[in-house]
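First the structure, in the form of structure tokens, and then the observations on it.
The values are calculated or read from the model by the stated rules, or taken from the named source; none is laboratory data. In this text, all values refer to a predicted model and were calculated from it rather than measured experimentally. Here Cβ is always computed from backbone atoms with ideal geometry, including for glycine, and neighbour counts include all displayed protein chains. Ligands, DNA and RNA are excluded from the accessible area calculation, which covers all protein heavy atoms including side chains. Shrake-Rupley method; radii C 1.70, N 1.55, O 1.52, S 1.80 Å.
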Amino acid sequence: MKNNVFPFLFLFVLLIGCREIISPTEKVDVLIVGGGASGSMAGIQSARMGATTLIVEEGPWLGGMLTSSGVSAIDGNYNLYSGLWDEFRQKLYDYYGGPDSVKTGWVSNVLFEPSVGEKIIKEMASAESNLRLIFNTRLDTLRKIDEGWLVEFVGANGRHIVEASVVIDGTELGDVAKMAGIPYDIGMDSRYETGEDIAPEKSNDIIQDMTYVVILQDFGENVDKTIERPFHYDPTPFLCTCQGKCDPDTLSRILWPCDKMMEYGRLPNNKFMINWPIYGNDYYLNVIDMPPSEREKAYEKAKWFTRCYLYYLQTELGFKHLGIAEGEFPSEDGFPLIPYHRESRRIKGMVRFTINDLAQPYNQEFSLYRTGIAVGDYPVDHHHAAYPDQSMVPDLHFYPVPSYTVPLGTLIPQTTKDFIVAEKSISVTNIVNGTTRLQPVCILLGQAAGTLAALSVRNNQTPAEVSVREVQKYLLQANAYLMPYSDVTPNDLYWEDIQKIGAVGIIKGEGKNVGWTNVTMFYPDSVMTAKALKSGINEIVPNMSIDFEDDKILTVQEGLDIVLKLANSLRNKPYNEDIIEAGKRLWAHFNFGTFDSAAPVTRAQMAVLLNRVADPFSINVDMNGRFVYGQAGCRH
């Protein structure tokens, strides 16, 4: 009897062990691989819209570049109070004590400790009952099935298999898109391919410099926190990092006083983000198509370079009291969990967003701005100073642009179904990536990706089949901007009306660059001229005439007459409310003051009339921004 027990016991233990190693297949609506700036927000938005959602993150933290990379100084969107970006920012204000409490360094208006940012994002994610998080687990295989994807992961607890209706790539380098077989570009595009005059003549595989950031802490003047001298340390690359060590007349960059330089990335609680581009710790590596093992070896080179820079700061510049912050990251050496990647694969999407589309949105063959889902306002900022051959790289340091909106089609691959891309892997040109890569934009891209995925599941459609206007409607409900107007905020009663009419293009904003500030202005309180209205109306109803001279300032009555005419042109039946009574009702609702039909009508008032009476936003558009008549978008 004793001889028969052992084989059964052995088999029982083996079966138990196998059950622990390979978990049952988990079925979800939306699977997000990568919990970075985009991935975490995609998961939060998808779950809020009712989709069962799973984020699988290779590391122990959410937030990506915001947290795990240590880039906790937000670039741009300070006057664009959009969606989850604004929600995250407000939570930082609440944590630290208001807007002024996070204006600690001069590079940004919003600086924070990475550990605090991660805590906030994790709290936001954990509050969603439809969202589950898995950490320290890497993607192993990905296979397309009839109704979505079958995905296998490997983690500390063995293999985890997930069946998902929609997959979102939220990784830093677009690794899931590559595994799915989606075509992509790496490096600079030829101007002859993209039509961008500032692009190089020939394409190449040069990408932006990466940075292995380090967070320092002030331990007090009498404390020496100097690190061990790095192997092969050479101070030469850093001699011109600030004033005093080299001749500034020989350089094309401004050199700052060394103390001023260190204040660049000052964080709350006497910490400092070291992410300095001027002869600092930017480092050139192109790891995008490397296998994981080779990437890790390459990352050690970038980390070594930052160690050398830190040693230089401590020994040559006298900042020995600044040491690696204690307890900031769950890493043995105190460094961030991952490097800061400024560039990734860029998929070939349903549309490709070029600098021409961004800089002059109203003068292109396709009106991609009509499909906008995420806004940004940072200049085109390319880091190439660490590339060995400077003759190969164009000077794109803070190339001026207006504020802009990213088209929905950039998130959707051309042919691969049930798949959405976010973060820095969307379908933009190399030049445009220099601004869409920034943190607020990636947050908002994630929110849009989560919205699209949830609607795809809800409607039983592929992401490409989901109505552009439906995605935009749900983004507006979440206070996310479609159009990058900096002079109209969600606190304004007519914000949604202006967003919708701007996205239709009947009343257009004015984009401009003023120094560091990139804006698009709607001018809500300015008077409405016939010229500013004609072209926009004729784009949606080509044969509708507006019989006024271009410089004519329209009255409220004339505005009402135009809106009624447009409403009857767009509807299958005549508008049935008395137009004067409609005007009075809207004037009272929006606190426009005394209704006077002979008074000049403002641009904000005209937007309200257009949206509430004619409702042109209900006419859907395709991914290229062309009106699709007979296909409803979204009624009020």
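Only protein heavy atoms count here; under a 1.4 Å probe, GLU326 has an accessible surface of about 120 Å². Annotation: amide H of THR137 within the under-5 Å range of GLU57, GLU58, GLY59, sequence separation 5 or more or interchain, hydrogens built in the peptide plane.
Label sites at GLN243 and TRP516, each approximated as a point 7 angstrom past Cα along Cα to Cβ, lie 1.8 nm apart. Extension gain, LYS552 to ASN270: 0.36 nm times the residue separation minus the Cα-Cα distance gives 95.7 nm. The loop-placed trypsin sites (Lys or Arg not before Pro) in segment 38-126, going by DSSP, that have at most 15 neighbouring Cβ atoms within 10 Å of their Cβ come out as LYS103. Between LEU493 and VAL223, the simple label model (points 7 Å from Cα in the Cβ direction) yields a spacing of 5.5 nm. Between ASP197 and ASN543, full extension at 0.36 nm per residue minus the direct alpha carbon distance yields a gain of 121.0 nm. Shown for segment 186-336: lysine pairs separated by 8 or more places, or found on different chains, whose C-alpha atoms are under 15 Å apart, numbering 4.
For segment 216-293 versus segment 381-459, the spacing of their alpha-carbon centroids is 27 Å. Hydrodynamic analysis of the chain uses the Kirkwood radius over alpha carbon pairs. Inserted into Stokes-Einstein at 20 °C and 1.002 mPa s, it gives a translational diffusion coefficient of 82 µm²/s.
Relative contact order of the chain: 16 percent, from C-alpha pairs under 8 Å at least 6 residues apart in sequence.
Ligands, DNA and RNA left out, the 1.4 Å accessible surface of segment 222-290 is 50% carbon and sulfur atoms.
Using a 1.4 Å probe on the protein heavy atoms, what percent of the accessible area of segment 329-391 belongs to carbon and sulfur? C and S fraction of accessible area: 46 percent. Out of the total accessible area of segment 436-483 (probe 1.4 Å, heavy atoms of protein only), what percent is carbon and sulfur? Ligands and nucleic acids excluded, carbon and sulfur give 35 percent. Sequence neighbours fewer than 8 away in the same chain don't count; with that in mind, list the lysines whose C-alpha is under 26 Å from LYS512. Reachable lysines: LYS103, LYS424, LYS500, LYS531, LYS534, LYS552. The calculated FRET efficiency for the pair THR315 and THR415, based on their C-beta separation and a Förster distance of 45 Å, comes to about 0.25.
Candidate cross-link partners of LYS91 among the aspartates and glutamates, defined by an alpha-carbon separation under 14 Å and a same-chain spacing of 8 or more, comprise ASP100, GLU113, GLU118, GLU123.
Evaluated at q = 0.11, 0.12, 0.15 Å⁻¹, a Debye calculation over the C-alpha positions of segment 248-365 (equal weights, vacuum) places log10 I(q)/I(0) at -0.57, -0.66, -0.90.
Note the full-extension length gain between ASN459 and GLU152 as 0.36 nm times their separation in residues minus their Cα-Cα distance, in nm to one decimal. Once the chain is fully extended between ASN459 and GLU152, it gains 107.9 nm.
Report note on the peptides 303-311, 540-548, 146-154: ranked by the mean count of other C-beta atoms within 10 Å, highest first, their order is 303-311, 146-154, 540-548. Taking a Cβ cut-off of under 12 Å around ASN77, the surrounding Lys, Arg, Asp and Glu residues balance to a net charge of -2, with basic ones at +1 and acidic ones at -1. Using a cutoff of 8 angstrom between alpha carbon atoms and counting only pairs six or more residues apart, the relative contact order for segment 42-144 works out to 46 percent. Rounded to the nearest 20 debye, the dipole magnitude of segment 181-252 is 240 debye, with +1 charges on Lys and Arg beta carbons, -1 on Asp and Glu beta carbons, and the Cα centre as origin. So for the chain, taking the charge dipole from beta-carbon charges (+1 Lys/Arg, -1 Asp/Glu), which of GLY50, PRO230, ASN109 sits furthest toward the positive end? Among GLY50, PRO230, ASN109, the one farthest towards the positive end of the dipole of the chain is GLY50.
When +1 charges are put on Lys and Arg Cβ atoms and -1 charges on Asp and Glu Cβ atoms, the dipole computed for the chain relative to its Cα centre reaches about 1220 debye. Counting only DSSP beta bridges whose two residues both lie in the chain, roughly 70 percent are antiparallel.
Farthest toward the positive end of the dipole of segment 276-408, out of TYR404, THR315, LEU285, is the Cα of TYR404, where the dipole comes from beta carbon charges about the Cα centre.
For segment 485-514 versus segment 116-140, the spacing of their alpha-carbon centroids is 33 Å. Compute the distance in nm between two label points, each set 7 Å from the Cα along the Cα-to-Cβ direction, one at ARG585 and one at THR236. Reported label-point gap for ARG585 and THR236 is 7.7 nm. Per residue, the average separation of C-alpha pairs within less than 8 Å and at least 6 apart gives segment 127-205 a relative contact order of 17 percent.
Think of a 1.4 Å ball rolled over the protein heavy atoms: the chain then has 41 Å² of accessible area per residue.
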